[in-house]
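Working notes for the structure below.
The values are calculated or read from the model by the stated rules, or taken from the named source; none is laboratory data. This is a predicted model, so every value here is computed, not measured. Methodologically, a virtual Cβ is constructed for each residue, glycine included, from the backbone with ideal geometry; neighbour enumeration extends over all protein chains shown. To get the accessible areas, we keep the full protein, side chains included, count just its heavy atoms, and leave off ligands, DNA and RNA. Shrake-Rupley method; radii C 1.70, N 1.55, O 1.52, S 1.80 Å.
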Amino acid sequence: MEASAKANISKIAEALHSQTNFTKKECEHLLNMYKDITGGADDAKLDRNKFKDILHNSFGMTDDLMMDQVFRAFDTDSDSNISQEEWLKGISTFLRGTLEEKTSFAFRAYDLNSDGVISRDEMFQLLKSTLIRGSLDYQPVEEDPDEGVRDLVEIVFKKFDTQKKGTIDYAQFKSSVVDEPLLLQALGACLPDEKSADAFLCTFEEVHVPTTISYIRTGGGRQ
Amino acid sequence: MGLTLTKAADWLDNSKLDFSPSNQIILTDILKAVDGYSKNNPIGGKMKFSEPLVWDSTLKFEDFKKTERFPETSQEVAHVECHSFDMLQLVLDACRSKKTAEVRACLEGNSDPVSKILGNRYACNTEDDVEFYKQAEEDLQGEDITYEEFETKKVVLKMAMEFHNLDVRMLRSVQGLMSKDSRLSPRLVEAEFDCLKELSGSEDEQPLRDIEPVPCYVHVFSNGYRAPNFRQLQGDIAYFLVYLKDTDVICVTAGTKGWFVNKGYSKDTNDVDFERRSDLYGSLFALLRERSRHFRERTSRKSGDGETAADEAADGAEKPDQEGDADQQAAREEAEERKKDPTLRWVSLGTSEQQSQERRSARQPQSAAAAAQQSDESDSESGTDEEEDAVERRHESNADLPSEYWQIGKFVRYLKGGNQTSTIISLCALRDFQLNTEVCQLAIRDVGGLEVLLNLLETEENRCKIGSLKILKEISQNPQIRRAIADLGGLQTLVNILKEPSKDLKCLAAETIANVAKFRRARRIVRQHGGIRKLVSLLDCPALNGPTSPEIERDIEVARCGALALWSLSNSTKNKRAMKRAGVIPLLGKLLKSRHEDMLIPVVGTLQECASEPDYRVAIRTEGMVEDLVKNLKSDNAELQMHCASTIFKCAEEEETRDLVRSYDGLEPMVGLLNKTDNKELLSAATGAIWKCSMSSKNIRKFQELNVIEKLVRLLSDQPEEVLVNVVGALGEMAAEKENRHAIRKAGGIGPLVQLLTGTNQALLVNTTRAVGRCAQEKENMAIIDRMDGVRLLWSLLKNPNPEVQASAAYAICPCIDNVNDAGEMVRSYVGGLELIVHLLRSDNIKVLAAICAAVASIAKDEENLAVLTDHGVIPLLAGLTRTQDEELKRHLSEAIACCCAWGNNRIVFGKEGAVAPLVSYLRVKDPKVHRSTARALHELSRHPDNCITMHECGVVRHLLGLVGSDDEALQLAASGCIANIRRLAMANEKSRQSSKARGGGNGGANGKAVAAK
């Protein structure tokens, strides 16, 4: 790699590493990775398909719809490309995010039309494929094949919509997740599982920071 | 019935029904349904079949003569045609004993009888039964039907419904039969092997000695088989050597067809002779029952063999249909065979009561093996278990199920039928139920949720595991759920999860184990799967009291959950040992320094459980845990205080620990706890600790400063027995000092103590008699005891069945007699009292004997009583005891002998009974107290010359001379007195010899010479 590109990466890493959960060195690694993926040109951006490849190959995601949403959540400026900055911040949340960062990320992923609230329809879209048709235990009735999904939507809605607003805004989402961290990915796996996250991290990590969020209460919350 | 006939029945090529057991069942069922149908349903019976049933009958023309009406049959009767159930009934009546054969013939002629009877509409339909109901609805809703048509249709439908139900019933019974026939698989074989391995052991209770795979075929191939490849082709799965108790070793083969005995394993060639030498058995269990009487007895005594008894019941029900039918012969023989087993057993076992017991237990869906296994545990583990017999309560019918059942059932369905997202959602939804209520807990179990939840634990999805564990953790508070989890093999999975890197998982799994391991079998399973080592390693928490971060908090939480699980597990002795081996002690010591109460409670709780083992007590002292225990005694948390006090209670058995408690100022907080009279558990623990600590005299002094006696005396009333035992025990220890004995009186403690003598709690009685006895050493106290007739109460306790109570009461009687005015009169006033004392000298408990000897010594001080005792034959009994090895008994026995010498010719009798020589040997033991009482006894005995001679022969003088030099004046006096007596005898002897010499005749006794020589 030429010196100028190297200096460039170093510069960006220097500027951005404080906004992420990575060290400067780790940021440089990630930026190099970005460069490799995009093909090396300075102005090349990570597009949807390449990004989905990464999600599939490195993070074991399979659901196409969900990958699109993750892309949207990464792509904060909605230009259908992921810039270097978006890449760093997104991966930071992905791998080392705090519960709050992950909550915000998940909410962006679930908010299909980016209007700041999750509606019943969006939820239905997200949960449509969760029940496996024709499996032994779930046999939809002829008249209403989506009954089960609607049921799930109602359950989730009841969990999140604590103020009976009819839609779920970020505040509600967050308070429910803080209450029960398992709800973080209640509408689909938008974050990598711990194993693949660890595997991805260990290719470049400099300091070991735990990747997982705690699903149980410790300290203050003890009975 | 159409489905059964097409799918389940075994048809031969020529569309004949095979003579198979399942076909027999089907035939009998059909016959049962058809025979008598027209009687029960007159309308249905008359209805005309849409097509007649036609078949070649097995009947002869003559058979029909006996019936009144003929069905439409052709001349030679070979061909029968039936148009209604009424007619069918006639045919069947004509068959009499050959009904099944006729049904068989009918079915062979009409492969789908339902469609013929009811019309093609109802032809055999292999599809779902939804169709059927739809059809029924259509039928009834047709527009232009008359009333009659409607009625007929209703009848048809009703019959269709009945056929349908019959179909379902038959399919079930055929399925039941098929499931019994299933072939062995490696998994089943290994499961049975494991089960029997569990049951084996050297104790008499255990049905067999050992079972092991044949040494040359130990290896398990990847397909689960142990047999070598060339034998696998023959269907062999594995070979085992079974060491039976009553017969030799047998070598058995597990094949896919069943278990059998082969020609045996030879050590020389290291190979098995594969040839079969016995019948085939469905299980090794059955084989062994047949082979070994011991095995049969040990397994049947515990519970009936559920399966065979159930079989028999089923056979009984079938019987009426099997009368003398040739076709049934085979089936019946088979049934006979099956029946043989239980019948024989019942004969050999005898009484009808046992039979009924067996029948009763057979109703429980529990196999004999499982029951035997459980009773095996009770031998091996000591832990107390109140939940062992949790009562099973199930809802009888669906009608009165609460609505939770349906909702939970729905969520469990989503749990199973979706991807991880829907699983997580369902788990969260399930968590919203009131999981701490029994309704929900049982609902989850009854809709099959436990299986799913446990299944989730074996997936790769951490979030699913966490969600599932969160639910399991809650519902496992229910004893029935615990059992169900253990039965489903959940503990093994939970133990495996402890290995996971995720701390959340470790925490939740440990907490669940803590809940489940509340009963013995569960604790054992956890140990056997290596759970203890893993749980102990959870306790290793690097930063305990440093600055906290979320990560450290999680480590602490892991350690806390580990401690919780170990707390539950430490209820079993074997587990305590396993925990020690896993190195739990230093880790607990470290955690004990924690500041968190919720950490300390399980840690101290575990210590408290473990402190029942001497090893742990020493370790608690040497690892410096006493200091922390004392520190936590001052905490604000009552539960923690309670566990600390209990631990000290158990540990303070050791003197060093008692001193440590004092040096860490532990006595003050302990006494402070006496004010918490509301919390009985705490009070019991605190008083227990005080009791044990007051065994050291320095502690007693400290307690005196703290005015403990007054506080304890105040607790003598209105407290549960657990508290009283400890309070009285403590008072008893304190009463070792004179001041305290007075203090007890001044605090008004004597009265309540004497009243407690009327109780029944044995531990309490032991402590009370001891305390009363000690208090009686003071005259003032004795006056109160006498006034309350305390001695009579003590005396009556000599009749208590518990030897400890007897001994303690006898000891207590001694000071009473010594200190009461006119003791002799008092003792005589107890009718049969002295006789009782003499009788107790025949006890086989050394402690009782020693105590009674002490009592005899006290009683014998009164001459009249001594006379009565002598009359009751106390002297030979005492003399008979002299050969004892127990020092305590030696001491009191010689005291008693000393006192008993005072009457009549008792001295001579002792000599004659050979009591003197053993007494001399008592002087060789180390204990000075024994010396003193022995010297007294010898002194008394030496007043008779014969005894002197015996003593001298035994070489008493050398010992006595040594004792004369002792500091103990009483001992000196007795020893020198004894020597004086011997000397005097010798002198007298010398004198008489000289005088006889002077007379020129007679010679002194040879013995006398011997004495004189000295």
TODO: For A:M67, state whether it is without any contact (Cβ under 8 Å) to a residue 60 or more places away in the chain and over 16 Å from A:L30 (Cα atoms).
DONE: yes
Task: B:A517 more than 25 Å from B:A429 (Cβ to Cβ), within 14 Å of chain A (Cβ to nearest Cβ) and open to solvent by less than 20 Å² (accessible area, probe 1.4 Å) - done: no
Task: Boolean, B:C541 is within 14 Å of another protein chain (Cβ to nearest Cβ) and either within 14 Å of B:A517 (Cβ to Cβ) or hydroxyl-bearing (S, T, Y) (or both) - done: no
Task: Members of the range B:656-674 that are polar (S, T, N, Q) and without any contact (Cβ under 8 Å) to a residue 24 or more places away in the chain - done: B:S663
Task: Number of positions in the range B:458-490 that are within 10 Å of chain A (Cβ to nearest Cβ) and either without any contact (Cβ under 8 Å) to a residue 12 or more places away in the chain or outside any helix (DSSP H, G or I) (or both) - done: 2
TODO: Please work out if B:T769 is closer than 22 Å to B:L797 by Cβ, modelled with pLDDT of 90 or more and either crowded, with 17+ Cβ neighbours inside 10 Å or not hydrophobic (A, V, I, L, M, F, W, C) (or both).
DONE: yes
TODO: Restricting attention to helices (runs of 4 or more DSSP H) lying wholly within the range B:592-708, give those where 3 or more residues are among the aliphatic types (A, V, I, L, M) and over 19 Å from B:G729 (Cα atoms).
DONE: B:597-610, B:614-622, B:625-633
Task: Subset of the range B:194-223 (residues that are closer than 17 Å to B:K267 by Cβ and touching a residue at least 24 places away in the same chain (Cβ under 8 Å)) - done: B:D210, B:E212, B:P213, B:V214, B:P215, B:C216, B:Y217
Task: Residues within the range B:559-575 that are open to solvent by 10 Å² or more (accessible area, probe 1.4 Å), closer than 20 Å to B:I601 by Cβ and part of a helix (DSSP H, G or I), tallied - done: 4
Task: Options B:Q777, B:Q755; residue that is surrounded by fewer than 23 Cβ atoms within 10 Å (Cβ to Cβ) and touching a helix residue (DSSP H, G or I) at 6+ places or on another chain (Cβ under 6 Å) - done: B:Q777
Open item on the list: Given the condition farther than 23 Å from A:T98 by Cα, touching a helix residue (DSSP H, G or I) at 6+ places or on another chain (Cβ under 8 Å), open to solvent by less than 70 Å² (accessible area, probe 1.4 Å) and in a helix (DSSP H, G or I), answer yes or no: does some residue in the range A:36-46 qualify?
Closed with: yes
Task: Flag if B:P928 is open to solvent by 50 Å² or more (accessible area, probe 1.4 Å) and within 55 Å of the chain's Cα centre (by Cα) - done: yes
- [ ] Determine which single condition B:T493 fails, assuming it passes every other condition in (1) more than 8 Å from chain A (Cβ to nearest Cβ); (2) touching a residue at least 40 places away in the same chain (Cβ under 8 Å); (3) not in a loop (DSSP other than H, G, I, E, B).
- [x] (2)
- [ ] Considering each residue of the range B:845-869, count those that are of a type in the set (K, R) and either assigned by the TED database to the domain that holds B:K890 or not in a helix (DSSP H, G or I) (or both), and give that number.
- [x] 1
Open item on the list: Quick test of your reading of the structure: B:T548 fulfils all but one of (1) touching a residue at least 24 places away in the same chain (Cβ under 8 Å); (2) more than 26 Å from the chain's Cα centre (by Cα); (3) over 20 Å from B:S468 (Cα atoms); (4) open to solvent by 30 Å² or more (accessible area, probe 1.4 Å). Name the failing condition by number.
Closed with: (1)
Task: Filtered residues of the range B:576-615 (kept if within 14 Å of chain A (Cβ to nearest Cβ), open to solvent by 10 Å² or more (accessible area, probe 1.4 Å) and among the hydrophobic types (A, V, I, L, M, F, W, C)) - done: B:I601
- [ ] Please go through the range B:421-444 and pick out each residue that is open to solvent by 30 Å² or more (accessible area, probe 1.4 Å) and away from chain A (no Cβ under 11 Å).
- [x] B:F433, B:Q434, B:N436, B:T437, B:E438, B:V439
- [ ] Of all residues in the range B:267-300, count the ones that are assigned to a helix (DSSP H, G or I) and either at positive phi or not hydrophobic (A, V, I, L, M, F, W, C) (or both).
- [x] 10
Open item on the list: For the condition out of contact with any Pro (no Cβ under 9 Å at 6 or more places or on another chain) and at pLDDT below 90, what is the one hit in B:P501, B:P479?
Closed with: B:P501
Open item on the list: Filter the range B:229-242 down to the residues that are modelled with pLDDT of 85 or more and either under 37 Å from the mean Cα position of the chain (by Cα) or part of a loop (DSSP other than H, G, I, E, B) (or both) and list them by number.
Closed with: B:I237, B:A238, B:Y239, B:F240, B:L241, B:V242
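For (1) facing chain B (nearest Cβ under 9 Å); (2) modelled with pLDDT of 85 or more; (3) touching a strand residue (DSSP E or B) at 6+ places or on another chain (Cβ under 8 Å); (4) part of a helix (DSSP H, G or I), each residue gets a yes or a no:
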residue	(1), (2), (3), (4)
A:K165	no, no, no, no
A:F173	no, yes, yes, yes
A:V177	no, yes, no, yes
A:L184	yes, yes, no, yes
A:L191	no, yes, no, no
A:T203	no, no, no, no
A:H208	no, no, no, no
A:T211	no, no, no, no
A:S214	yes, no, no, no
